[in-house]
Structure formats: structure tokens, C-alpha cells
Amino acid sequence: MARTIQSLERAAAMLRLLAGGERRLGLSDIASSLGLAKGTAHGILRTLQQEGFVEQDEASGRYQLGAELLRLGNSYLDVHELRARALVWTDDLARSSGESVYLGVLHQQGVLIVHHVFRPDDSRQVLEVGAMQPLHSTALGKVLSAYDPVAHSEAAEAEREAFTPRTVTSMGGFESVLDLTRARGWGSDVEETWEGVASIAAPIHNRRRMPVGAVAVAGAVERVCKEGELRSDLIAAVRDCARAVSRDLGASRF
């Protein structure tokens with residue numbers, strides 16, 4: 001059986017204790033409820049407080065759950081709501097485009113794929129949910145970087161690796177790409193991340209008009225492009241899908 005880390009188990013037990021019952025608990029209450037020495041309990045609480053998971057009331061000295069847990073919880077709910085709202089629309093996009101469809105969100109210094117619809121044919125494909133894509137070279141990453149200030153900062157600070165000869169790696173060049181992305185409302189990647197693969201992405205917004213993710217179609221260059229240009233019907237289809245998901249999330253004017 002795999003070994004567990006006792007301090008983490010105790011921290012998790014404290015958070016569960018604070019989540020139930022009384023709104024605020026004192027050090028003695030927490031220590032006795034969990035069978036811990038006061039010194040041990042105080043050390044764990046201090047660490048949780050430093051990370052924002054626990055807050056201490058200045059007047060009473062009692063502890064309660066912190067705002068960071070709320071932020072993490074909202075992030076979890078946002079991603080799951082995004083995926084739930086996008087299911088029908090991404091299926092329709094895959095069916096109409098004949099290509100694979102990806103739903104991505106910002107995660108650390110990359111794009112996390114939270115939903116993947118296979119290309120509607122009999123070819124062998126691998127589910128890529130949970131995979132990470134780079135911010136600077138993929139269509140999903142460019143869209144997130146163009147509309148989300150946090151994603152922009154992450155892309156600016158990260159090393160922009162040249163995956164192919166077409167990859168834009170300079171900061172000036174990358175900013176120009178983002179300006180173009182914002183101006184036209186969609187992003188693209190034509191063999192900048194993978195040879196022979198092209199993709200088109202558009203941003204998804206929530207009711208607060210904040211970017212919460214992006215949707216993209218991706219496929220072989222010869223299918224996604226026509227006569228050297230990205231197909232206008234695919235661009236329109238991706239943008240329509242993004243608008244539909246945004247509307248379902250409560251956004252307007254997209």
C-alpha cells in the first residue's frame with residue numbers, strides 16, 4: 001500500500017473540520033477534535049493561513065476557511081460548467097467540419113485540454129483530454145494569450161520553443177500575432193507546433209465577459225487549408241461554436 005504524508009492528511013482533516021459545523025473554530029477546538037497537540041495544529045494552521053486556505057479572525061483568534069479555497073472551487077466549477085455547456089456545440093462542430101475539436105483552458109504555463117471530440121471517421125485516434133499544449137504556438141494558446149491577461153503574462157515569461165521552422169519565438173513577433181488574433185477574433189496555427197497539422201481557434205467568454213477557454217478544430221493542413229489559405233467556412237464554424245457556448249454561459253454580444 002502506498003505511503004501517505006501525515007502532515008497533508010492532517011491539513012486535509014482541518015479543512016474538512018472547518019468546512020462543517022460552526023463557521024469559526026479556535027485552536028483548542030481544532031486540536032482536540034483531531035487529536036493533535038496544540039503546537040502541531042498551530043503549525044499546520046499557520047501554513048494553511050500563509051497559502052490563503054485558512055483565515056484567522058483578528059478579534060477572536062478563531063479560524064475559518066480562506067478565500068483561496070473559494071477561488072479554487074470556482075475554478076473547478078467554471079471548467080466543468082464550460083465543458084458541460086460545450087458538449088453539444090463541439091459535437092456539432094466536429095460533425096460539420098469533419099475534423100477533431102478541442103476545448104482548452106489556461107493551466108499554469110500552457111493550455112489544458114478539457115474536452116476532445118474525435119474526427120468523425122473510422123480512423124484510429126487517441127483521446128487527448130488532460131494533455132497540455134503550448135501557449136505561444138497553438139491556436140488555442142494564441143487565443144487565450146490574446147484575450148486573457150494572465151495567459152499573456154505566462155506566455156511572455158515562458159520560454160517560447162521553436163517546434164518547427166514556422167514557430168514564432170520572438171516577443172515582438174508573438175505580440176504581433178496576438179494583435180492580429182484580437183483584430184480578427186480568432187487564432188490559427190499552421191504547422192507552427194506540429195508538421196502537417198493546422199488549427200483554428202476562437203475564444204469563449206462567460207457572463208462577466210471574461211475569457212474562460214477556447215475551442216478549436218484541428219486536422220491535416222491539406223484539409224484545413226485550401227489553396228494555401230485557411231478555409232473560411234471552418235473559421236466561421238469555429239467562431240459560431242465559440243459564440244454559442246459563450247451565450248450558454250450567459251455572455252452577450254459575442
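The values are calculated or read from the model by the stated rules, or taken from the named source; none is laboratory data. Predicted, not measured: the structure shown is a model, and the values here were computed from it. All Cβ positions, glycine included, derive from the backbone under ideal geometry; neighbour counts span all protein chains shown. What goes into the accessible areas is simple: the full protein's heavy atoms, side chains included, and nothing from ligands, DNA or RNA. Shrake-Rupley method; radii C 1.70, N 1.55, O 1.52, S 1.80 Å.
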Enter the accessible area of residue 163 (Å², nearest 10), with the probe set to 1.4 Å and all protein chains included. 80 Å²
If every Lys and Arg gets +1 and every Asp and Glu gets -1 at its Cβ, then about the Cα centre the range 1-60 yields a dipole, in debye to the nearest 20, of 240 debye
Taking the Cα centre of the chain as origin, work out the dipole magnitude from +1 charges on Lys and Arg Cβ and -1 charges on Asp and Glu Cβ, in debye rounded to 20. 820 debye
Report the accessible area of residue 40, computed with a 1.4 Å probe over the heavy atoms of all protein chains in place, in Å² rounded to the nearest 10. 50 Å²
Checked against the structure, the computed volume of the Cα convex hull per residue in Å³ among (i) 137; (ii) 194; (iii) 185 is the one labelled (iii)
At R0 = 45 Å the Cβ-Cβ FRET efficiency linking residue 210 and residue 37, nearest 0.05, sits at 0.50
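Can you tally the net charge around residue 83? Count Lys and Arg as +1, Asp and Glu as -1, for every other residue whose Cβ sits under 13 Å from the Cβ of residue 83.
-3
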Rank 251, 49, 219 by how far each Cα sits towards the positive end of the charge dipole of the chain (+1 on Lys, Arg Cβ; -1 on Asp, Glu Cβ) and give me just the farthest. 49
Quick one: if the Förster radius is 51 Å, what FRET efficiency do residue 6 and residue 183 give, using the C-beta to C-beta distance and rounding to 0.05? 0.40
Among 247, 239, what's the order by accessible area (1.4 angstrom probe), most exposed first? 247, 239
Where a ≥ b ≥ c are root eigenvalues of the Cα gyration tensor, a/c under 1.5 meaning rounded, otherwise prolate if a/b exceeds b/c and oblate otherwise, the range 6-65 counts as rounded
Potential lengthening between residue 87 and residue 24 on full extension [0.36 nm per residue; Cα-Cα distance subtracted]: 18.7 nm
